[in-house]
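The values are calculated or read from the model by the stated rules, or taken from the named source; none is laboratory data. Note that the structure is predicted; figures quoted are calculated from it, not measured. Cβ placement follows ideal geometry from the backbone for every residue including glycine, while neighbour counts extend to all protein chains displayed. Please note that ligands, DNA and RNA were not included when accessible areas were found on the heavy atoms of the full protein model with its side chains. Shrake-Rupley method; radii C 1.70, N 1.55, O 1.52, S 1.80 Å.
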Amino acid sequence: MQLGLVGLGRMGFNMRERLRKAGHEVVGYDRNPDVSDSASLADLVDKLKAPRVVWVMVPAGDPTQQTIAELAELLTAGDLVIDGGNSRYTDDKINSALLDEHGIGYLDCGVSGGIWGLEVGYALMVGGDAEHVERAMPIFDALRPEGPREEGFAHAGAVGAGHFAKMVHNGIEYGLMQAYAEGFELLDAAKIVEDVPATIKAWQRGTVVRSWLLDLLVRALESDPELDDLRGYVEDSGEGRWTVEEAINLAVPAPVISAALFARFASRQEDSPAMRAVAALRAQFGGHAVHKAGPTSGAGEVK
C-alpha cells in the first residue's frame, strides 16, 4: 500500500521505517530536508496516486490544524487523512468537518510506542467510520505489535474516540510512573534497603507490579543507580491535563491521575509558595520550627 507521511520526528521517522520493512511504499515529508522524501506538502501529494492516504504526525494544536487545512486544499475527493499525533479529541470533529467539505475522509489515531515502536510495534486506538478503518487496515496491521490484532489495535468508535482513548491511556501512564517514582524514593530514603536497583529489578518477574514501565525504570537505574545525572523537573505534554479536565466534566473520580499531574507541577518549583504558606501556618498555630530562607539557596537555618 502507498502512504504519505507528514512529520518525520522521533516517532514518524521510525514509523516510516517499520512500514517500509513491511513492504509498504511510504513517501515522507518533513521540514528537515535531510530526512524528507518531498520538497513540500504539495510535492508529497503529487507523488501519491489517487485515492491517497496521508498520515499526519506533527505536534498537536496549531501545527496539526494548519497541516490538515493545507491538505484539504491539496487533496481531492476520495482521499483519506489520518491524524496520528496527540491531538485533543475535540479538535477531531473540526478537522473531520473541514475535510468532509472536500469529500475527504478522516480518522484520528492514538499511537503509543514511543521510540521503541520501530522494534516492538505501536498500540493503535482509532476513531472514525468503519469503511475508512478497513481501507487503512494494512497500514495499521504493519504498525501494530505482532500477535492478535485485538491486543494492539482497537477501532474505539466514531471520530474523536481514538484520541480520547489515547488521552486516558496517557493519564493512566502518569499515575503508574508516579507510583514507581514514589516507591523508588521511599526505598532510597529508608536506607534499610542497601541495593535499591537490584530490589526494583527483582520485581520484573512474578510480581503484580511488573510492566514495561518497570522494565524501563530498571534500564535507567542500570546506567545511573542513584539517578543523580537527572534533575527532578518533569514537563507534561497535555494529555494528563485533558484527562483530569474530562474527569471533572464527567464527575468521574480520578485522584491518582490528578495527584500525578500535580506532582509534575511541583517538580518545577525550586521553592514552593504553597509549602512556604504551610510552614508559616504550622509555625503560627503550633510553634513548629521553620527553615528560614537564605540569601541565595532559598533555605537556611531552622528557627
(request) Please give the peptides 141-153, 243-255, 204-216, 77-89 ranked by average Cβ packing (other Cβ atoms within 10 Å per residue), highest first, as a rough proxy for protection. (result) 77-89, 141-153, 243-255, 204-216
(request) Measure off 7 Å from each Cα along the Cα-to-Cβ vector at K21 and A220, then give the distance between these two points in nanometres to one decimal. (result) 2.5 nm
(message) Students often get this wrong: which residues of the range 224-264 have the backbone nitrogen under 11 Å from the point 7 angstrom along Cα-to-C-beta of S272?
(response) 262-264
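Nearest 20 debye, what's the magnitude of the dipole of the range 78-196 about its Cα centre given +1 on Lys and Arg Cβ and -1 on Asp and Glu Cβ? Mind dumping the intermediate values first?
Working: 7 positive and 21 negative charges, 30 e Å.
The dipole of the range 78-196 has a size of about 140 debye.
Please list the equivalent ellipsoid semi-axes of the range 1-79, computed as the square roots of five times the alpha-carbon gyration tensor eigenvalues, in descending order and whole angstrom.
18, 16, 11
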(message) Would any residue of the range 20-51 have its amide N under 17 Å from a label point 7 Å out along Cα→Cβ of E73? List them or say none.
(response) 40-46
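For the chain, with only Lys/Arg (+1) and Asp/Glu (-1) charged at the beta-carbon, what is the dipole magnitude about the Cα centre, in debye rounded to 20? Intermediate results must be reported in sequence, preceding the final value.
On the way: 28 positive and 45 negative charges, 133 e Å.
In debye, rounded to 20, the chain gives about 640.
Just the accessible area per residue of the chain, please: how many Å² with a 1.4 Å probe?
Here the residues of the chain average 55 Å² of exposed surface.
Among the listed pairs K21/K47; K201/K292; K21/K166, give every one whose C-alpha distance is greater than 30 Å.
Details: K21/K47 20 Å; K201/K292 40 Å; K21/K166 26 Å.
Result: K201/K292 exceed 30 Å.
Measure off, as a whole percent, the carbon and sulfur share of the 1.4 Å-probe accessible area of the chain, all protein chains present. Intermediate values should be presented prior to the final figure.
Numbers: 9270 of 16760 Å².
Answer for the chain is 55 percent, counting heavy atoms of protein chains only.
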(message) Counting just the Cα atoms, what span does the chain cover along each of its three principal axes? Round to the nearest Å and put the largest first.
(response) 75, 40, 40
(request) Could you state the angle between the C-alpha long axis of helix 62-74 and the longest principal axis of the C-alpha atoms of the chain, as a value from 0 to 90 degrees rounded to the nearest 10? (result) 0 degrees
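Hey, can you rank 263-272, 127-136 by average C-beta count inside 10 Å, highest first? Working shown, then result.
On the way: 263-272: 12.6, 127-136: 17.5.
With the highest mean Cβ count within 10 Å placed first, the list reads 127-136, 263-272.
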(request) Using only alpha carbon positions, build the gyration tensor of the range 156-303, then give the equivalent ellipsoid semi-axes as the square roots of 5 times its eigenvalues, largest first, whole angstrom. (result) 32, 25, 14
(request) At 0.36 nm per residue, minus the direct Cα-Cα distance, what do D62 and M137 gain on full extension? Give it in nm, one decimal, please. (result) 24.2 nm
(request) Would you compute, from DSSP H runs of 4+ residues alone, the mean residue ellipticity of the chain at 222 nm, taking -39500 (n - 2.57) per run and dividing by the full residue count, rounded to the nearest 500? (result) -15000 deg cm²/dmol
